[in-house]
Amino acid sequence: MKYYKTSEIAELVCVHPNTVRLYEKWKLLQPVPRNCKGYRLYTEDHLEQMRLARIALRCNFIEGNIRNLATDIVKTGAQGDLQKALNMAYDYRIHIQKELTKAEEALEIIYKWLKDEVTVGEETYMKRKDVANLLNISIDVLRDWERNGLIKVPRSPNNNYRMYGAYEIRRLKVIRTLRNANYSMMSILRMFKYIDEGKVSDVKEIIDTPSLEEDIISATDRWITTLIETIENAEEVIVQLEMMIESKEPRIP
C-alpha cells in the first residue's frame with residue numbers, strides 16, 4: 001500500500017499542510033494512522049477524501065443549511081459509507097435546485113409588482129405594528145429594512161407617525177419575498193435604487209450583479225449566479241463519489 005506524507009497530500013490537492021490537518025480535525029477524513037515515529041500515514045482513500053472535501057467546500061456557501069449539507073456529505077464519506085454519501089449528494093443537488101426555483105419565482109413577483117398600479121382613491125394608512133402583523137414579520141425587521149434604506153416611509157404632518165399606504169405595503173411584500181428567497185439586503189437595495197431611478201430593463205441582471213461601489217460582496221449579493229455555481233459543484237461532488245465507489249468495487253478478472 002502506498003502512503004503519503006502530510007506535505008505530499010497537501011501538494012496533490014493544492015492546499016497548505018495545515019489545511020490537511022484541519023480537515024482531519026473536522027472529521028472530513030477518516031482516522032489517519034501513524035508510524036512508529038508519530039508521522040501521519042495517508043493512503044489513497046485519504047487523498048480521494050481530500051479531493052471530495054475540496055470540491056464540496058469550494059463554493060461560496062451562504063445559507064448555513066447549505067454548507068452543513070455539503071459538510072455532512074463529506075463526513076459521511078469519511079466514515080466509509082460512500083453510498084449513503086452519494087444519496088445525500090443527490091438530495092443536496094435537489095435542495096439547491098429548489099432554492100434556485102424559489103429565487104427565480106421571487107423575481108417573477110418583482111416583474112408583476114412593476115406592472116401593477118396602485119388604485120387611485122382614498123388612501124388608507126396603517127400603523128407599524130399592524131403592518132408587521134399583516135406581513136407576519138416583527139417590528140424589528142421593519143425597522144431594519146427601513147434603516148438599511150430598502151424603504152422610505154412617509155410621516156404624518158400632524159403627529160409625525162409613519163404612514164404605511166398601499167405603495168409601502170406592496171413594496172414591503174416584495175422585500176419580504178426576496179428575503180425569504182435568501183437575497184441579501186445589499187442586492188435588494190441595489191435593485192430598488194435602479195427601479196426608483198426608472199431603470200427597470202433587466203431586474204434579474206441588476207439584482208445579481210454587484211456594483212463597483214460595493215466594498216464587501218457576499219454570495220447572496222449575486223444569489224442566482226451562486227446557486228447555479230453550487231448546482232454545478234454538486235454535480236462534481238456526485239461524480240467524485242461515484243468514482244470513489246467504483247474504485248472500491250471488486251474487479252472481475
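The values are calculated or read from the model by the stated rules, or taken from the named source; none is laboratory data. Given the structure is predicted, the values throughout are model-derived calculations rather than measurements. Ideal geometry is used to build each Cβ from the backbone, glycine not excepted, and the neighbour counts take in all protein chains shown.
Quick test for you: out of L41, L29, L52, pick the one residue that is over 22 Å from N87 (Cβ atoms) and aliphatic (A, V, I, L, M).
Testing whether each residue is over 22 Å from N87 (Cβ atoms) and aliphatic (A, V, I, L, M) leaves just L41.
Between K127, K199, K152, which is outside the structural domain of R54 (by TED's automatic domain parsing), of a type in the set (K, R) and touching a residue at least 12 places away in the same chain (Cβ under 8 Å)?
None of the other options fit; the residue is K127.
If N136 satisfies all but one of (1) in contact with a helix residue (DSSP H, G or I) (Cβ under 8 Å, 6 or more places away or on another chain); (2) closer than 22 Å to E105 by Cα; (3) modelled with pLDDT of 90 or more; (4) not hydrophobic (A, V, I, L, M, F, W, C), what's the number of the condition it fails?
(1)
Return yes when L142 is in contact with an Asp or Glu (Cβ under 8 Å, 6 or more places away or on another chain) and either surrounded by 13 or more Cβ atoms within 10 Å (Cβ to Cβ) or at pLDDT 90 or above (or both) and no when it is not.
no
Cβ-Cβ below 6 Å, separation at least six or inter-chain, first residue in region 96-112 and in contact (Cβ under 8 Å) with a residue 60 or more places away in the chain, second crowded, with 19+ Cβ neighbours inside 10 Å and of a type in the set (F, W, Y): which pairs?
Listed pairs, sorted by first residue: A103/W223.
Residue by residue, here is whether (1) small (G, A, S); (2) surrounded by fewer than 16 Cβ atoms within 10 Å (Cβ to Cβ); (3) farther than 30 Å from I55 by Cβ holds:
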residue: N136; (1), (2), (3): no, yes, yes
residue: L150; (1), (2), (3): no, no, yes
residue: R162; (1), (2), (3): no, no, yes
residue: I175; (1), (2), (3): no, no, yes
residue: E205; (1), (2), (3): no, yes, no
residue: R222; (1), (2), (3): no, no, no
residue: T226; (1), (2), (3): no, no, no
residue: T230; (1), (2), (3): no, no, no
residue: Q240; (1), (2), (3): no, no, no
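Can you tell me which residue is modelled with the lowest pLDDT among those in region 185-203 that are of a type in the set (S, T, Y) and surrounded by fewer than 21 Cβ atoms within 10 Å (Cβ to Cβ)?
S201
Within region 7-54, can you find the residues that are out of contact with any strand residue (DSSP E or B) (no Cβ under 7 Å at 6 or more places or on another chain) and charged (D, E, K, R)?
E8, E11, R21, E24, K25, K27, K37, E44, D45, E48, R51, R54
Residues that are surrounded by fewer than 18 Cβ atoms within 10 Å (Cβ to Cβ) and among the hydrophobic types (A, V, I, L, M, F, W, C): does region 119-132 have at least one?
Checked region 119-132: at least one residue is surrounded by fewer than 18 Cβ atoms within 10 Å (Cβ to Cβ) and among the hydrophobic types (A, V, I, L, M, F, W, C).
Going by the structure shown, is Y111 aromatic (F, W, Y), at pLDDT 95 or above and surrounded by fewer than 16 Cβ atoms within 10 Å (Cβ to Cβ)?
For Y111, the condition - aromatic (F, W, Y), at pLDDT 95 or above and surrounded by fewer than 16 Cβ atoms within 10 Å (Cβ to Cβ) - is not met.
Out of (1) under 30 Å from E48 (Cβ atoms); (2) modelled with pLDDT under 90, the odd one out for E235 is which?
The one condition E235 does not meet is (2).
I'm trying to understand the selection: among the residues of region 1-54, which are charged (D, E, K, R) and not in a loop (DSSP other than H, G, I, E, B)?
If the condition is that a residue be charged (D, E, K, R) and not in a loop (DSSP other than H, G, I, E, B), then E8, E11, R21, E24, K25, R34, R40, E44, D45, E48, R51, R54 are the ones that fit.
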